[in-house]
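Have a look at the structure below before the remarks.
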Amino acid sequence: MQFADRLNAFGGNVFADMDLAKAQARAQGQTIIDLSLGSSDLPTPAPILATIAKALEDPSTHGYLLHQGTLPLRQAIAVWYEKRFGLAVDAETEVLPLIGSQEGTAHLPLAVLNPGDVALLMDPGYPSHMGGVYLAGGEIYPMALRSENQFLPVFTAIPNSVLAKAKMTVLSYPHNPTTAIASLEFFQTAVQFCRDHDLVLVHDFPYMDLVFDGIAMPPSVLQADRQKSCAIEFFTFSKSYNMGGFRIGFAIGNIQLISALKKIKAVVDFNQYAGILQGAIAALESPPETVQQTVQIFAQRRATLIDALAKIGWAVPLPTATMYVWAPLPESWLGNSLEFCQKLVAKTGVALSPGSGFGAGGEGYVRFALVQEPDILATAAKKIGQFLDQN
């Protein structure tokens with residue numbers, strides 16, 4: 001049986017390798033402490049669950065949900081966004097509910113790129129951003145994110161020959177995996193860069209609430225593109241409200257981009273179950289304390305892990321955002337993040353994400369996801385210390 005050539009871009013990857021390594025370690029009797037996947041272990045807040053549960057009893061929610069049926073959620077999104085970011089959006093033409101923000105970031109390239117067009121992506125960056133470009137037949141130019149540049153891309157370093165073929169650029173701050181944050185001034189520079197080169201600016205914004213130490217609220221890219229001339233922004237309920245399994249997100253932005261993505265969505269899927277959308281409305285209308293409790297938990301876990309790593313002699317920068325720790329590998333393991341993670345899980349049961357899985361620019365690092373209780377994180381650090389002592 002022959003398959004489409006586009007599948008060639010989706011061969012083996014380091015995350016598949018790590019899944020195999022975890023399975024092998026489990027088969028050998030290791031108890032896995034999985035810090036490799038950024039899926040929150042915290043429960044969805046009870047009022048949100050109650051709203052969804054109530055909807056289950058309503059037969060009118062049991063059928064297909066077409067676009068017009070999403071209007072109450074779109075209106076709630078518009079109210080929430082204006083209250084939070086001070087910018088009005090049109091619920092009818094500038095908002096689109098999604099089955100998780102990943103649906104949007106993966107499908108938008110189908111509406112923007114022709115085969116051979118170039119997308120400017122962060123390196124390291126979230127792997128799904130690459131997948132959508134490959135599905136569209138596009139090519140990727142990796143924008144290097146380096147610590148000396150605060151893990152921000154240097155737009156002036158992109159060759160003119162690349163820009164001549166480029167159609168879109170993807171940003172995401174606070175950033176997975178580096179935990180970096182970006183200022184409004186950076187986004188203003190990015191918007192001007194995209195206007196100058198006729199690029200669509202995509203901003204993936206899942207970690208907008210997960211900032212610590214009194215850091216100011218991260219800016220929305222639309223605050224830098226107030227006319228919505230070239231930008232679209234993707235939001236999710238997975239991180240702030242621990243609703244990853246419900247697959248609910250949304251896009252806000254340029255009318256033409258929202259319309260184009262809506263066309264792709266219309267031929268791929270219907271919307272989610274109506275009760276999930278009602279739960280999303282309850283989340284948006286919930287008091288700030290709902291999210292603040294989640295932020296406090298991740299802040300405590302971050303502090304516990306950083307302190308525990310310091311005790312074993314592994315100095316790691318304190319992240320100011322996200323649910324991750326981005327750790328430079330010990331010197332003896334530099335250039336071998338996959339091997340480090342494979343051997344670590346085999347010998348200790350502690351599973352991390354190799355930096356190389358996020359792009360070539362991620363080599364030399366590993367990512368910890370703060371998805372376990374503090375005592376388990378401390379135990380994981382002790383096990384890592386024993387591994388480093390023996391290796």
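The values are calculated or read from the model by the stated rules, or taken from the named source; none is laboratory data. Keep in mind it's a predicted model, so treat the numbers as computed, not measured. Because the Cβ atoms are built from the backbone with ideal geometry, glycine has one as well, and the counts that use them run over all protein chains shown. Keep in mind that these areas ignore ligands, DNA and RNA; they rest on the heavy atoms of the full protein, side chains included. Shrake-Rupley method; radii C 1.70, N 1.55, O 1.52, S 1.80 Å.
For the structure I just gave you, tell me whether Gln102 is without any contact (Cβ under 8 Å) to a residue 40 or more places away in the chain, open to solvent by 40 Å² or more (accessible area, probe 1.4 Å) and within 20 Å of the chain's Cα centre (by Cα). Judged against the criteria, Gln102 is not a match. Scanning region 210-233 for residues being assigned to a loop (DSSP other than H, G, I, E, B), out of contact with any Asp or Glu (no Cβ under 7 Å at 6 or more places or on another chain) and surrounded by 15 or more Cβ atoms within 10 Å (Cβ to Cβ) gives a total of 7. Only a single item in (1) crowded, with 23+ Cβ neighbours inside 10 Å; (2) touching a residue at least 60 places away in the same chain (Cβ under 8 Å) is not met by Val371, and it is number (1). Hey, does region 237-258 have a residue that's within 18 Å of Leu120 (Cα to Cα) and either in a helix (DSSP H, G or I) or open to solvent by 60 Å² or more (accessible area, probe 1.4 Å) (or both)? Looking through region 237-258, at least one residue is within 18 Å of Leu120 (Cα to Cα) and either in a helix (DSSP H, G or I) or open to solvent by 60 Å² or more (accessible area, probe 1.4 Å) (or both). Please go through region 23-71 and give me each residue that is open to solvent by 70 Å² or more (accessible area, probe 1.4 Å), of a type outside the set (A, V, I, L, M, F, W, C) and over 15 Å from Met243 (Cβ atoms), ordered by number. Selection gives Gln24, Arg26, Gln28, Thr31, Lys54, Glu57, Pro59, Ser60, His62, Tyr64, Gln68.
Checking each residue in region 105-124 for being in contact (Cβ under 8 Å) with a residue 60 or more places away in the chain and over 20 Å from Leu257 (Cβ atoms) picks out Asp123, Pro124. The residue list Thr31, Thr61, Thr70 contains one member that is modelled with pLDDT of 95 or more and under 29 Å from Ala381 (Cβ atoms), which is Thr31.
Of the residues Thr322, Thr304, which single one is closer than 22 Å to Asp34 by Cα, outside the structural domain of Met208 (by the TED database) and touching a strand residue (DSSP E or B) at 6+ places or on another chain (Cβ under 9 Å)?
Only one candidate qualifies: Thr322.
Remark: pairs (first residue in region 313-333, on the phi > 0 side of the Ramachandran plot; second residue among the hydrophobic types (A, V, I, L, M, F, W, C) and not in a strand (DSSP E or B); Cβ separation under 6 Å; 6+ apart in sequence or on different chains) = Thr322/Leu210.
Let's see how each residue does on (1) open to solvent by 50 Å² or more (accessible area, probe 1.4 Å); (2) more than 30 Å from Glu289 (Cβ to Cβ); (3) not in a loop (DSSP other than H, G, I, E, B):
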residue: Val162; (1), (2), (3): no, yes, yes
residue: Pro174; (1), (2), (3): no, no, no
residue: Ala180; (1), (2), (3): no, no, no
residue: Val191; (1), (2), (3): no, yes, yes
residue: Asp198; (1), (2), (3): yes, yes, no
residue: Met208; (1), (2), (3): no, no, no
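If I ask for residues that are of a type outside the set (A, V, I, L, M) and either open to solvent by 40 Å² or more (accessible area, probe 1.4 Å) or outside any helix (DSSP H, G or I) (or both), which ones from region 105-117 would you list? Within region 105-117, Asn114, Pro115, Gly116, Asp117 meet the criteria. Just wondering, is there one or more residues in region 123-146 that are at pLDDT 95 or above, charged (D, E, K, R) and farther than 30 Å from Ala369 by Cα? No, because not a single residue in region 123-146 is at pLDDT 95 or above, charged (D, E, K, R) and farther than 30 Å from Ala369 by Cα.
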